[in-house]
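Structure first, commentary second.
Rule-based calculations on the coordinates, nothing more; no lab input. Please read all numbers here as calculations on a predicted model, not as lab measurements. Here the Cβ is made from the backbone with ideal geometry for all residues, glycine too, and neighbour counts use every protein chain on show.
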């Protein structure tokens, strides 16, 4: 199909070390978008974000909006930002992918997270690297596979996200069942 850079605009996040923190309570307060938020957005479940870092700054920073496609240069995973993370600050560890009308956001996330050809391209790019971190250049140079019709993209993307959510819900059920059993055993043991 072609390289991502020919179809999708790739925007880097704010360099974290260049953001000047201020103590002025009238300055905007931003919450950092992190791996926890990415995983939450991917499976459409609320997670504990009480440990999320925040910063007050008057600097111009890059923020996410609901519906933005974000790719983590740390984990190599992509997601769509949900409304609960609207206005979060994203750092240089993430890139925002601005799509055209020819590619569905959920389908692109499916490709970035699951496609074997894309995984292979990333793996080749990481060989010999001491730090397992993806680069913005790697993302821009990714060769996308042949793209199916927009109707098929929407169906595939929807099924993918539904499957991720179902998988996450099943994990929660198992964890809760485990907690119940452990508590019952504690009660018997006393």
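Worth pointing out:
- Adding -39500 (n - 2.57) for every DSSP H run of four residues or longer, then dividing by how many residues the chain holds, sets the calculated 222 nm ellipticity at -13000 deg cm²/dmol.
- Packing-based ranking of 70-78, 154-162 yields 70-78, 154-162, ordered from highest to lowest mean Cβ neighbour count within 10 Å.
- Computed from Cα atoms alone, the Kirkwood hydrodynamic radius reported for the chain is 18.5 Å.
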